1. Please report, in whole Å³, the volume per residue of the convex hull around the C-alpha atoms of the chain.
2. Using all C-alpha to C-alpha distances in region 45-190, build P(r) with 10 Å bins and read off the rounded percent in each one.
3. Return the long-range amide H neighbours of Val269 (sequence gap of 5 or more, or a different chain), with a cut-off of under 5 Å between placed amide H atoms.
4. I want to check the label-to-label distance for Leu154 and Met174. Put each point 7 Å from Cα in the C-beta direction and report it in nm to one decimal.
5. Of Pro273, Ser72, Pro132, whose Cα points farthest to the positive end of the dipole of the chain (charges on the beta-carbon: +1 Lys, Arg; -1 Asp, Glu; origin at the Cα centre)?
6. Using the crude model of +1 on Lys and Arg Cβ and -1 on Asp and Glu Cβ, and no other charge, please compute the dipole size for the chain relative to its Cα centre, in debye to 20.
7. Cross-link list Lys63/Lys327; Lys215/Lys267; Lys215/Lys242; Lys58/Lys175; Lys93/Lys242; Lys130/Lys253: which exceed 32 angstrom alpha carbon to alpha carbon?
8. Using the beta-carbon distance between Ala146 and Thr37 and R0 = 56 Å, what value does 1/(1 + (r/R0)^6) give for FRET efficiency, to the nearest 0.05?
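What follows draws every value from the coordinates through simple rules; no lab data is involved. Remember, predicted model here, so these are calculated numbers, not experimental data. Virtual Cβ from ideal backbone geometry, glycine too; neighbours counted across all protein chains shown.
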Amino acid sequence: MNSKLIGSLLCMLAIPFNTFALDDNALRQQASLLTGTIPTTMPGAEHDTPAQVALGKKLYFDKRLSINNTQSCNGCHNIQGKAGGVDNQSFSKGAEGALGGRNSPTVLNAGFHLAQFWDGRAATLADQAKGPILNPVEMGMPSAEAVMEKLSSLDNYTTLFTQAFGTGDASAPMKDFTYDNLANAIASFERTLVTQDRYDDYLRGDNDALNAQEKRGLQTFIAKGCTACHSGPLLGGNVFQKMGVVKPYENQKDQGRFDLTQLNSDKMVFKAPSLRNIELTAPYFHDGQVATLEEAVSVMAELQLGVTLTDNEVGDISVFLGALTDKTRE
């Protein structure tokens, strides 16, 4: 049985967890079984070198990767200061002013996901990095060759690529100066964007890391069955799920993975987003149509579980989700 079907069944059943007393040991054990803590490093990071990470960071912030030098990766996935790896717009504006078709997902912890983009069309961070630069609505460069030709005359990039990916072949100094390595470098930098939050501290044994309302929200989150779709260390990002398991989502224009696979079973199916740092990434959903976290919690309970939450339950869950914010960004 595939993960999507399992997720659908769990959502429809709204897992009958019993609400238990606020006993930290019991709550921690239950939560640890369902989620767990974020690993300290992303898969693949063990192969990244400081030179590759430094090059990737430079490229990530370089607006000259766009057709008119106005748009960088950070433009849609802002990681500066306390930003949550997004631009907090329903749809992102591209280099020439056109709007994209889906809400920009966060780049924080993205390398832990089962795939990239809402529809999972890119398998890896490097695959994802190649797309927006060449997308006519986003950064608008006409070809990979045009990107590398432009970079060849800027900031000694050719040397930086050799330092990062050099084969030691002096007779072929441009051998490492490729679009694939550009994407590999950006991915190396993105693999450093691992966050740590108070929820992890709680799971590791610090009873004071969460306050009473946050613990109550965690209890409710589990009891109502939210972990059917938001499980694992990222509380999501590890399963494709139909948007509207019990009740249909109002906006049916974007059919999700169906547009990619043309399978009827993939209609309205999207990657379940990670809830880590969710407080920072409004507006919500693939279409960016929900402005507040409280509304998102309420709507998802109705659509995915067929459950109408009370105002107190919505408030408690929302407060708990705030504890998933990276401690440097709180």
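1. Values: hull volume 46.0 nm³, N = 330.
Output value, Cα hull per residue: 139 Å³.
2. 12, 43, 35, 10, 1
3. Here Met243, Arg257, Phe258 satisfy the definition.
4. 1.8 nm
5. In the chain, that residue is Pro132.
6. 380 debye
7. The answer is Lys215/Lys267.
8. Details: r = 43 Å, r/R0 = 0.77.
Computed FRET efficiency for Ala146 and Thr37 comes out at 0.85.
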